[in-house]
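Step one of this worksheet: look at the structure below.
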Ligand code: ATP
Ligand code: MG
């Protein structure tokens with residue numbers, strides 16, 4: 001129904017800038033929330049250190065990458081030496097420690113794909129998942145946060161895209177659609193590709209930050225304070241960028257051959273990555289390269305049914321931005 005592509009934006013898209021910006025403003029978490037999260041992290045760290053003095057806790061995911069909306073749960077990573085003990089035992093011990101404190105709904109999910117302990121803190125009302133030694137997630141959280149500081153349009157675009165994806169039911173990896181992390185990478189890549197570019201490729205620049213995690217070297221330029229003028233030559237507004245983003249994923253992305261890569265700031269070929277055929281459950285129907293685990297396709301959760309749903313949703317969004325009288329409402333209508 002929507003598969004009809006216009007070559008360009010045929011309306012005054014800029015008239016919707018204020019409405020999109022006010023949606024963005026309404027999604028940003030208030031400052032107090034951040035303080036509460038830090039407070040919870042501190043008290044968790046105290047508890048953890050009473051058992052493991054060397055262990056550290058890190059926030060990761062949307063509570064720390066600056067793409068988190070108001071009232072999200074927090075993701076915490078416990079960094080601990082697991083040489084003589086296994087993860088399950090650490091998690092069970094952790095659950096025991098937390099339970100004996102004032103925390104509620106403590107649950108150790110030792111058999112999940114990513115084993116975690118879940119809990120709820122009655123003091124702050126925050127729910128939290130704690131995983132063990134998922135250091136790459138902590139590092140990719142920092143990368144996203146650093147990109148967000150370069151140009152305000154990244155946060156605007158990603159908040160609105162995430163809000164759209166949640167409203168339309170296409171932000172559920174267990175149903176074969178994409179994670180929030182994947183959507184943010186799509187936004188970063190898209191802004192790297194604008195002409196003139198709105199974002200640089202930090203991993204192609206001289207590294208000022210470097211860590212090695214599980215034999216993967218993560219290195220990039222992280223002195224982003226010096227890049228605040230990077231995107232200034234490009235004057236595209238959030239309304240225009242949304243139109244272009246959905247137009248790209250609806251009509252211009254080469255699903256058969258292309259891999260988007262934030263790491264190189266370019267499009268790679270599926271052939272070069274050997275992502276041309278199904279291996280196990282990885283079908284590579286939409287390909288998004290992880291910036292550090294480069295053999296990892298964030299689109300691998302997408303199957304032959306959900307790719308159709310996803311592409312129809314991109315087309316619907318593109319259509320709405322082109323024709324709908326009230327795109328700032330229609331775009332987010334529940335499915
Ligand atoms: P939300 O606001 O929806 O909770 P989120 O930013 O917390 O968004 P998630 O998709 O829940 O996003 O992922 C949490 C974090 O876990 C990401 O920021 C990322 O660091 C890491 N992560 C998630 N999925 C992957 C993945 N497939 N590969 C590597 N890291 C991932
Ligand atoms: Mg999360």
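The values are calculated or read from the model by the stated rules, or taken from the named source; none is laboratory data. Please read these numbers as outputs of a predicted model, since none were measured by experiment. Using ideal geometry, Cβ is built from the backbone for each residue, glycine included, and neighbour counts are taken over all protein chains shown.
Tabulated values for the structure
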{"read-out": "Pair list, Cβ under 8 Å, 6 or more apart: the stretch 65-81 residue within 20 Å of residue 118 (Cα to Cα), other residue within 9 Å of ligand 1 (Cβ to nearest atom) and part of a loop (DSSP other than H, G, I, E, B)", "value": "75/64; 77/134"}
{"read-out": "Residues of the stretch 293-302 that turn out to be in contact (Cβ under 8 Å) with a residue 60 or more places away in the chain and surrounded by fewer than 16 Cβ atoms within 10 Å (Cβ to Cβ), as a count", "value": "1"}
{"read-out": "Whichever residue in the stretch 40-69 is in a loop (DSSP other than H, G, I, E, B) and buried (at least 22 other Cβ atoms within 10 Å of the Cβ) and, among such residues, is farthest from ligand 1 (Cβ to nearest atom)", "value": "64"}
{"read-out": "Residues satisfying the stated conditions in the stretch 100-132, i.e. more than 16 Å from ligand 2 (Cβ to nearest atom), part of a strand (DSSP E or B) and closer than 24 Å to residue 86 by Cα", "value": "105, 106, 107, 108, 132"}
{"read-out": "Qualifying residue in the stretch 169-184 (condition: in contact with a helix residue (DSSP H, G or I) (Cβ under 7 Å, 6 or more places away or on another chain) and over 24 Å from residue 302 (Cα atoms))", "value": "no"}
{"read-out": "Hits in the stretch 242-287 - residues which are assigned to a loop (DSSP other than H, G, I, E, B), surrounded by 15 or more Cβ atoms within 10 Å (Cβ to Cβ) and at pLDDT below 95", "value": "283"}
{"read-out": "Looking only at the stretch 6-39, and only at residues there that are loosely packed, with under 14 Cβ neighbours inside 10 Å and more than 27 Å from the chain's Cα centre (by Cα), the one that is modelled with the lowest pLDDT", "value": "6"}
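Each row is one residue, and each column tells you yes or no for (1) in contact (Cβ under 8 Å) with a residue 40 or more places away in the chain; (2) in a helix (DSSP H, G or I); (3) within 16 Å of the chain's Cα centre (by Cα); (4) within 26 Å of residue 72 (Cα to Cα).
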{"site": "138", "(1), (2), (3), (4)": "yes, yes, yes, yes"}
{"site": "150", "(1), (2), (3), (4)": "yes, no, no, yes"}
{"site": "159", "(1), (2), (3), (4)": "yes, yes, yes, yes"}
{"site": "178", "(1), (2), (3), (4)": "yes, no, yes, yes"}
{"site": "191", "(1), (2), (3), (4)": "yes, yes, yes, yes"}
{"site": "200", "(1), (2), (3), (4)": "yes, no, no, no"}
{"site": "217", "(1), (2), (3), (4)": "no, no, no, no"}
